[in-house]
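A short worksheet on the structure shown next.
The values are calculated or read from the model by the stated rules, or taken from the named source; none is laboratory data. No experiment lies behind these values; they were computed from the predicted model shown. Here Cβ is always computed from backbone atoms with ideal geometry, including for glycine, and neighbour counts include all displayed protein chains.
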Amino acid sequence: MKVRVYVSLKPGVLDPQGRAIQHSLEGLGFSGVSDVRAGKMIELEVDGTVTDAALDEMCRKLLANMVIENYRVERVAA
Amino acid sequence: MSGFRSAVITFPGSNCDRDMADALEKVSGDEPFRVWHGDADLPERLDFIALPGGFSYGDYLRSGAMAARSPIMRAVVEAAGRGVPVLGVCNGFQVLTEAGLLPGALMRNAGIRFVCREVPLKVDNAQSLFTSGYEQGQRVVFPVAHHDGNYFADDATLDRLEGEGRVAFRYAEPVNGSARDIAGVLNAAGNVLGMMPHPERAIEKEQGGTDGRAMFVSVVKGLIRA
(Lines give C-alpha, C1' and ligand atoms only; values in the text may rest on other atoms or scores of the structure.)
Protein backbone atom coordinates (compact mmCIF):
# COMPACT_ATOMS: atom_id res chain seq x y z
CA MET A 1 0.00 0.00 0.00
CA LYS A 2 1.13 3.49 -0.79
CA VAL A 3 1.21 6.16 1.87
CA ARG A 4 1.80 9.82 1.16
CA VAL A 5 3.14 12.11 3.86
CA TYR A 6 2.71 15.81 3.21
CA VAL A 7 5.11 18.00 5.16
CA SER A 8 4.52 21.74 5.26
CA LEU A 9 5.87 24.68 7.19
CA LYS A 10 3.73 25.77 10.10
CA PRO A 11 1.69 28.94 9.59
CA GLY A 12 3.71 31.95 10.60
CA VAL A 13 7.06 30.36 9.80
CA LEU A 14 8.76 32.43 7.12
CA ASP A 15 9.25 30.47 3.91
CA PRO A 16 12.01 32.11 1.84
CA GLN A 17 11.69 29.46 -0.88
CA GLY A 18 7.96 30.06 -1.19
CA ARG A 19 8.60 33.76 -1.45
CA ALA A 20 11.20 33.28 -4.18
CA ILE A 21 8.77 31.08 -6.12
CA GLN A 22 6.12 33.77 -5.78
CA HIS A 23 8.52 36.39 -7.14
CA SER A 24 9.38 34.14 -10.07
CA LEU A 25 5.71 33.65 -10.85
CA GLU A 26 5.26 37.42 -10.82
CA GLY A 27 8.29 37.71 -13.10
CA LEU A 28 6.64 35.32 -15.55
CA GLY A 29 3.64 37.59 -15.66
CA PHE A 30 1.23 35.57 -13.50
CA SER A 31 -0.82 37.90 -11.37
CA GLY A 32 -3.12 37.29 -8.45
CA VAL A 33 -0.82 34.98 -6.48
CA SER A 34 -0.65 36.54 -3.03
CA ASP A 35 1.40 33.86 -1.25
CA VAL A 36 3.35 30.66 -1.96
CA ARG A 37 4.34 28.06 0.61
CA ALA A 38 6.63 25.21 -0.46
CA GLY A 39 6.49 21.85 1.27
CA LYS A 40 7.38 18.29 0.42
CA MET A 41 5.56 15.07 -0.23
CA ILE A 42 7.13 11.77 0.79
CA GLU A 43 5.79 8.50 -0.61
CA LEU A 44 6.16 5.30 1.37
CA GLU A 45 5.35 1.79 0.20
CA VAL A 46 4.19 -0.10 3.30
CA ASP A 47 2.69 -3.47 4.07
CA GLY A 48 -0.38 -4.22 6.18
CA THR A 49 1.53 -4.37 9.44
CA VAL A 50 2.29 -0.63 9.43
CA THR A 51 -0.29 0.99 11.67
CA ASP A 52 -1.45 4.59 11.66
CA ALA A 53 0.27 5.00 15.01
CA ALA A 54 3.55 3.79 13.49
CA LEU A 55 3.20 6.23 10.58
CA ASP A 56 2.53 9.02 13.04
CA GLU A 57 5.66 8.13 14.94
CA MET A 58 7.72 8.05 11.73
CA CYS A 59 6.57 11.58 10.99
CA ARG A 60 7.33 12.86 14.45
CA LYS A 61 10.71 11.15 14.75
CA LEU A 62 12.10 11.84 11.30
CA LEU A 63 9.93 12.91 8.39
CA ALA A 64 8.84 16.24 9.90
CA ASN A 65 10.62 18.64 12.23
CA MET A 66 7.91 19.45 14.72
CA VAL A 67 9.54 22.79 15.59
CA ILE A 68 8.78 24.25 12.18
CA GLU A 69 6.67 21.77 10.25
CA ASN A 70 3.23 20.14 10.21
CA TYR A 71 2.46 16.85 8.50
CA ARG A 72 -0.49 15.03 7.10
CA VAL A 73 -0.61 11.30 6.37
CA GLU A 74 -2.72 9.94 3.53
CA ARG A 75 -3.20 6.28 2.68
CA VAL A 76 -3.63 5.88 -1.05
CA ALA A 77 -5.96 3.13 -2.28
CA ALA A 78 -4.08 0.76 -4.56
CA MET B 1 50.22 17.37 26.22
CA SER B 2 47.61 18.45 28.68
CA GLY B 3 45.73 15.16 28.54
CA PHE B 4 42.78 16.76 26.81
CA ARG B 5 40.51 14.01 25.51
CA SER B 6 38.34 15.28 22.69
CA ALA B 7 36.47 13.64 19.85
CA VAL B 8 35.48 14.97 16.44
CA ILE B 9 32.54 13.15 14.86
CA THR B 10 32.63 12.63 11.11
CA PHE B 11 29.39 12.03 9.22
CA PRO B 12 29.27 11.17 5.53
CA GLY B 13 29.44 14.64 3.99
CA SER B 14 31.19 16.39 6.88
CA ASN B 15 33.87 18.67 5.48
CA CYS B 16 35.12 20.75 8.41
CA ASP B 17 36.12 17.79 10.56
CA ARG B 18 39.81 18.15 9.77
CA ASP B 19 39.76 21.88 10.51
CA MET B 20 38.02 21.17 13.81
CA ALA B 21 40.49 18.44 14.76
CA ASP B 22 43.38 20.68 13.75
CA ALA B 23 42.10 23.57 15.88
CA LEU B 24 41.62 21.31 18.90
CA GLU B 25 45.07 19.80 18.53
CA LYS B 26 46.80 23.16 18.01
CA VAL B 27 45.21 24.67 21.09
CA SER B 28 45.26 21.67 23.43
CA GLY B 29 48.40 19.90 22.22
CA ASP B 30 46.48 16.63 22.13
CA GLU B 31 45.24 14.92 19.02
CA PRO B 32 41.46 14.40 19.09
CA PHE B 33 39.88 11.00 18.56
CA ARG B 34 38.23 10.78 15.17
CA VAL B 35 34.87 9.04 15.45
CA TRP B 36 32.74 7.76 12.56
CA HIS B 37 28.99 8.33 12.55
CA GLY B 38 28.27 4.62 12.34
CA ASP B 39 30.13 3.84 15.56
CA ALA B 40 27.88 3.05 18.48
CA ASP B 41 30.26 4.20 21.21
CA LEU B 42 32.44 7.19 21.98
CA PRO B 43 35.93 6.84 23.44
CA GLU B 44 35.84 6.72 27.22
CA ARG B 45 36.39 9.67 29.55
CA LEU B 46 35.93 12.36 26.93
CA ASP B 47 36.42 16.00 27.92
CA PHE B 48 34.88 17.42 24.77
CA ILE B 49 32.89 16.43 21.69
CA ALA B 50 32.78 18.43 18.45
CA LEU B 51 30.24 18.08 15.65
CA PRO B 52 31.81 19.68 12.59
CA GLY B 53 30.41 21.58 9.64
CA GLY B 54 29.63 20.15 6.26
CA PHE B 55 26.68 18.64 4.48
CA SER B 56 26.01 15.42 6.33
CA TYR B 57 24.01 12.98 4.23
CA GLY B 58 23.85 15.60 1.51
CA ASP B 59 21.40 17.64 3.61
CA TYR B 60 18.75 15.09 2.59
CA LEU B 61 15.29 15.65 4.08
CA ARG B 62 16.53 18.59 6.22
CA SER B 63 20.03 19.78 7.10
CA GLY B 64 21.29 17.62 9.94
CA ALA B 65 18.16 15.45 10.05
CA MET B 66 19.74 12.16 9.04
CA ALA B 67 22.94 12.70 11.02
CA ALA B 68 20.91 13.41 14.15
CA ARG B 69 19.48 9.89 13.91
CA SER B 70 22.80 8.14 13.24
CA PRO B 71 24.10 5.57 15.74
CA ILE B 72 26.82 7.76 17.26
CA MET B 73 24.33 10.51 18.12
CA ARG B 74 22.70 8.29 20.71
CA ALA B 75 26.05 8.23 22.49
CA VAL B 76 26.51 11.99 22.01
CA VAL B 77 23.07 12.74 23.48
CA GLU B 78 23.86 10.49 26.41
CA ALA B 79 27.26 12.13 26.98
CA ALA B 80 25.73 15.61 26.76
CA GLY B 81 23.22 14.54 29.39
CA ARG B 82 26.10 13.61 31.67
CA GLY B 83 27.54 17.09 31.21
CA VAL B 84 30.26 16.43 28.63
CA PRO B 85 30.74 19.67 26.65
CA VAL B 86 29.52 19.45 23.06
CA LEU B 87 30.21 22.05 20.37
CA GLY B 88 28.32 21.94 17.08
CA VAL B 89 29.44 24.29 14.32
CA CYS B 90 27.41 25.00 11.19
CA ASN B 91 26.05 21.59 10.13
CA GLY B 92 26.96 20.49 13.67
CA PHE B 93 24.54 23.14 15.01
CA GLN B 94 21.86 21.84 12.65
CA VAL B 95 22.49 18.30 13.91
CA LEU B 96 22.19 19.46 17.55
CA THR B 97 18.80 21.07 16.95
CA GLU B 98 17.58 18.06 14.97
CA ALA B 99 18.75 15.78 17.80
CA GLY B 100 16.81 17.85 20.32
CA LEU B 101 19.89 18.91 22.28
CA LEU B 102 19.20 22.55 21.42
CA PRO B 103 15.86 24.29 20.86
CA GLY B 104 14.73 25.80 17.58
CA ALA B 105 15.58 24.98 13.99
CA LEU B 106 17.83 26.29 11.22
CA MET B 107 15.93 27.24 8.12
CA ARG B 108 16.90 28.35 4.63
CA ASN B 109 18.64 31.75 4.72
CA ALA B 110 16.09 34.54 4.42
CA GLY B 111 17.87 35.83 1.31
CA ILE B 112 17.80 32.33 -0.26
CA ARG B 113 21.49 32.57 -1.15
CA PHE B 114 24.34 30.56 0.33
CA VAL B 115 26.34 32.98 2.47
CA CYS B 116 30.12 32.54 2.50
CA ARG B 117 32.08 35.39 4.04
CA GLU B 118 33.50 36.77 7.25
CA VAL B 119 30.90 38.27 9.55
CA PRO B 120 31.15 40.39 12.69
CA LEU B 121 29.59 38.89 15.79
CA LYS B 122 28.90 40.11 19.28
CA VAL B 123 29.68 37.88 22.25
CA ASP B 124 26.38 37.91 24.10
CA ASN B 125 27.36 35.68 27.00
CA ALA B 126 31.02 35.62 27.99
CA GLN B 127 30.36 33.48 31.07
CA SER B 128 29.97 30.12 29.38
CA LEU B 129 32.48 27.33 29.22
CA PHE B 130 32.94 28.11 25.53
CA THR B 131 33.16 31.88 25.72
CA SER B 132 34.96 32.70 28.96
CA GLY B 133 37.99 33.81 26.95
CA TYR B 134 36.01 36.70 25.48
CA GLU B 135 34.78 39.94 26.98
CA GLN B 136 31.05 40.49 27.36
CA GLY B 137 29.88 42.32 24.24
CA GLN B 138 33.20 41.82 22.45
CA ARG B 139 33.07 42.08 18.69
CA VAL B 140 34.70 39.17 16.89
CA VAL B 141 34.92 38.15 13.25
CA PHE B 142 34.30 34.55 12.22
CA PRO B 143 33.75 33.08 8.77
CA VAL B 144 30.31 31.74 7.91
CA ALA B 145 29.49 29.38 5.06
CA HIS B 146 25.93 28.12 5.06
CA HIS B 147 22.65 27.90 3.23
CA ASP B 148 20.46 27.00 6.19
CA GLY B 149 21.50 29.29 9.01
CA ASN B 150 18.30 31.19 9.62
CA TYR B 151 17.63 30.45 13.28
CA PHE B 152 13.98 29.98 14.12
CA ALA B 153 12.20 29.37 17.41
CA ASP B 154 8.85 30.56 18.73
CA ASP B 155 8.76 33.79 20.71
CA ALA B 156 8.38 32.06 24.07
CA THR B 157 11.52 30.01 23.37
CA LEU B 158 13.45 33.07 22.20
CA ASP B 159 12.40 34.97 25.34
CA ARG B 160 13.51 32.07 27.49
CA LEU B 161 16.88 31.80 25.71
CA GLU B 162 17.52 35.50 26.17
CA GLY B 163 16.28 35.52 29.75
CA GLU B 164 18.56 32.64 30.70
CA GLY B 165 21.62 34.08 28.98
CA ARG B 166 21.64 31.25 26.48
CA VAL B 167 22.38 33.37 23.43
CA ALA B 168 26.15 32.98 23.15
CA PHE B 169 26.69 34.98 19.95
CA ARG B 170 24.67 37.40 17.87
CA TYR B 171 25.33 38.66 14.35
CA ALA B 172 26.40 42.30 14.39
CA GLU B 173 24.96 42.78 10.90
CA PRO B 174 22.23 41.05 8.87
CA VAL B 175 23.46 37.67 7.60
CA ASN B 176 20.69 35.13 7.17
CA GLY B 177 17.49 36.37 8.75
CA SER B 178 18.04 34.65 12.09
CA ALA B 179 15.51 35.46 14.79
CA ARG B 180 16.88 38.24 16.99
CA ASP B 181 20.22 37.95 15.14
CA ILE B 182 21.04 34.76 17.01
CA ALA B 183 24.23 33.10 15.78
CA GLY B 184 24.86 30.64 18.61
CA VAL B 185 22.82 29.17 21.48
CA LEU B 186 23.55 27.19 24.64
CA ASN B 187 21.49 24.45 26.24
CA ALA B 188 20.00 24.98 29.69
CA ALA B 189 22.92 23.30 31.46
CA GLY B 190 25.44 25.35 29.48
CA ASN B 191 27.47 22.38 28.25
CA VAL B 192 26.14 22.31 24.68
CA LEU B 193 26.79 25.15 22.22
CA GLY B 194 25.59 25.29 18.64
CA MET B 195 26.65 28.09 16.30
CA MET B 196 26.63 28.74 12.56
CA PRO B 197 29.90 30.74 12.35
CA HIS B 198 33.17 28.81 12.25
CA PRO B 199 35.58 29.47 15.14
CA GLU B 200 37.80 26.62 13.92
CA ARG B 201 38.45 28.60 10.73
CA ALA B 202 39.83 31.54 12.67
CA ILE B 203 42.68 30.02 14.64
CA GLU B 204 45.78 31.24 12.85
CA LYS B 205 46.80 34.36 10.96
CA GLU B 206 47.10 32.35 7.77
CA GLN B 207 43.36 31.69 7.92
CA GLY B 208 42.69 35.42 7.91
CA GLY B 209 41.94 35.88 11.59
CA THR B 210 42.48 34.46 15.04
CA ASP B 211 39.27 35.43 16.84
CA GLY B 212 38.19 31.82 17.10
CA ARG B 213 41.19 30.74 19.10
CA ALA B 214 39.87 32.09 22.39
CA MET B 215 36.94 29.70 22.19
CA PHE B 216 39.17 26.65 22.14
CA VAL B 217 41.45 28.16 24.76
CA SER B 218 38.37 28.78 26.95
CA VAL B 219 37.30 25.18 26.61
CA VAL B 220 40.71 23.64 27.21
CA LYS B 221 41.44 25.91 30.17
CA GLY B 222 38.01 25.39 31.62
CA LEU B 223 38.37 21.65 31.51
CA ILE B 224 41.95 21.12 32.60
CA ARG B 225 41.69 21.60 36.30
CA ALA B 226 44.70 20.60 38.34
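Take the conditions (1) more than 13 Å from chain A (Cβ to nearest Cβ); (2) not in a helix (DSSP H, G or I); residue B:110 misses just one of them, which is (1).
Just to be sure, is residue B:83 of a type in the set (Gly, Ala, Ser) and either within 12 Å of another protein chain (Cβ to nearest Cβ) or touching a helix residue (DSSP H, G or I) at 6+ places or on another chain (Cβ under 6 Å) (or both)? Spelling it out, it is not the case that residue B:83 is of a type in the set (Gly, Ala, Ser) and either within 12 Å of another protein chain (Cβ to nearest Cβ) or touching a helix residue (DSSP H, G or I) at 6+ places or on another chain (Cβ under 6 Å) (or both). Is it the case that residue A:28 is under 23 Å from residue B:95 (Cβ atoms) and among the aliphatic types (A, V, I, L, M)? Here the answer is no, as residue A:28 does not meet what is asked. Just one of the listed residues (B:14, B:6) is in contact (Cβ under 8 Å) with a residue 60 or more places away in the chain and within 18 Å of the chain's Cα centre (by Cα), namely B:14.
Which condition breaks for residue B:128 when tested against (1) within 14 Å of chain A (Cβ to nearest Cβ); (2) in a loop (DSSP other than H, G, I, E, B); (3) under 14 Å from the mean Cα position of the chain (by Cα)? Going through the list (1) within 14 Å of chain A (Cβ to nearest Cβ); (2) in a loop (DSSP other than H, G, I, E, B); (3) under 14 Å from the mean Cα position of the chain (by Cα), residue B:128 breaks only (1). Just one of (1) more than 20 Å from residue B:9 (Cα to Cα); (2) in contact (Cβ under 8 Å) with a residue 24 or more places away in the chain; (3) acidic (Asp, Glu) fails for residue B:39. It is (1). If you check every pair at least six apart or on different chains, which have Cβ atoms under 6 Å apart with a residue in the range A:33-58 that is over 27 Å from residue A:17 (Cα atoms) first and a residue that is outside any helix (DSSP H, G or I) and at pLDDT below 95 second? Short answer, once both residue conditions are applied: A:46/A:1. Filtering the range B:185-210 to residues that are under 18 Å from residue B:149 (Cβ atoms), over 11 Å from the mean Cα position of the chain (by Cα) and assigned to a loop (DSSP other than H, G, I, E, B) leaves only B:202.
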